Structures are given as C-alpha cells and as structure tokens.
Amino acid sequence: MNYSQKYHLEVPSCLTMQMKSFFEEKGMSNRVQNMVQMASASGEPMKSCFTYEEVEKMLEDSGLLIYEHLSPVAINNRFFRDRSDYLSAFETIHYIHAVKKITFA
C-alpha cells in the first residue's frame with residue numbers, strides 16, 4: 001500500500017526575497033522579468049508571494065507536509081554544478097517536495 005503521495009510545487013523565491021524585489025528582479029538574460037511578463041500576458045499575473053512559514057502552513061492546512069525544500073542555490077548545486085554550458089537554476093524558483101500527512105488511529 002502506498003501511504004505517501006508526492007507533490008511537486010514550484011514556488012517563487014519571494015520565500016526569501018521581499019515581494020517588491022521579486023517583481024523587480026531581472027535574472028540572467030532578463031529571464032525573471034520575461035517570466036513575470038509572460039505570466040501576465042497569458043492572463044495569470046503573478047500577484048502573491050509567501051514566506052516559507054506561510055507556504056508550510058497552507059500545505060499543512062491542506063493535509064500536506066514539506067518533505068524537502070530546495071532554494072535556487074541548492075538546485076544549482078544539485079543539478080547544475082558540473083555543467084559547462086550556460087544553463088543554471090532559475091534565480092527565483094524554489095522547489096518544495098510535499099507529502100500527504102497520514103495520521104494513524
């Protein structure tokens with residue numbers, strides 16, 4: 001029996017940045033600015049930012065627990081460290097691996 005469902009969330013890095021600076025961040029080759037503009041143009045503007053604690057509480061209220069959190073630096077170190085090309089972790093994306101909270105009677 002599988003007691004754990006896994007969820008993958010992409011969370012803007014306003015987890016660690018002030019909301020204003022997140023939306024002003026340009027990133028490498030303006031990719032952050034382009035992402036914000038594309039989201040807005042598609043009718044899904046980025047309006048919200050949350051602290052780690054706020055995300056944790058929202059997930060918990062939904063029956064989920066944070067199993068792992070990767071910051072942009074951690075993502076870069078884990079997945080992009082040995083690359084010799086221009087690819088790197090996105091400056092403003094955090095990954096959260098959440099699992100369903102199971103309570104046993």
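Backbone geometry of the range 57-68 corresponds, through the Karplus equation with coefficients 6.51, -1.76 and 1.60 at θ = phi - 60°, to 3J(HN,Hα) couplings of 5, 4, 5, 4, 5, 9, x, 10, 10, 6, 8, 8 Hz, x marking Gly and Pro.
Between LYS47 and ALA74, the modelled label-to-label distance comes to 3.0 nm, taking each label 7 Å out from Cα in the direction of the beta carbon.
In the assembled protein chains, SER42 presents an accessible area of approximately 80 Å² (probe radius 1.4 Å).
Here the relative contact order of the range 31-105, from alpha carbon pairs under 8 Å that lie six or more residues apart, stands at 33 percent. Each residue of the range 74-90 was assigned a 3J(HN,Hα) from its phi angle through the Karplus expression (A = 6.51, B = -1.76, C = 1.60, θ = phi - 60°), giving 5, 4, 4, 5, 7, 10, 10, 3, 9, 6, 10, 9, 8, 5, 7, 5, 5 Hz with x at Gly and Pro. Each residue of the range 40-56 was assigned a 3J(HN,Hα) from its phi angle through the Karplus expression (A = 6.51, B = -1.76, C = 1.60, θ = phi - 60°), giving 5, 5, 8, x, 10, x, 7, 10, 10, 9, 9, 6, 4, 5, 5, 5, 4 Hz with x at Gly and Pro. Taking label points 7 Å from Cα along the Cα-to-Cβ direction, PHE104 and SER40 give a separation of 5.1 nm.
Here's how it looks for LEU64: its modeled amide H is under 5 Å from those of LYS101, which are all 5 or more places away or on a different chain.
Using +1 on the beta carbon of Lys and Arg, -1 on that of Asp and Glu, and nothing else charged, what's the dipole of the range 37-99 about the Cα centre, debye to 20?
Numbers: 5 positive and 10 negative charges, 47 e Å.
For this selection, approximately 220 debye.
Taking amide H atoms as placed 1.01 Å from N in the peptide plane, the amide H of ILE93 lies under 5 Å from those of SER13, each 5 or more residues away in sequence or on another chain. The slack between ARG83 and GLU54, meaning 0.36 nm per residue of separation minus the straight C-alpha distance, is 7.1 nm. Since only GLN33, LEU87, ALA98 are under comparison, the one whose Cα sits farthest along the positive direction of the charge dipole of the range 22-105, derived from C-beta charges on Lys, Arg, Asp and Glu, is LEU87.
The values are calculated or read from the model by the stated rules, or taken from the named source; none is laboratory data. Since this is a predicted model, take the numbers as computed values, not measurements. Glycine gets a Cβ as well: all are built from the backbone with ideal geometry, and neighbour counts include every protein chain shown. All accessible areas refer to the heavy atoms of the entire protein, side chains included, with ligands and DNA or RNA removed. Shrake-Rupley method; radii C 1.70, N 1.55, O 1.52, S 1.80 Å.
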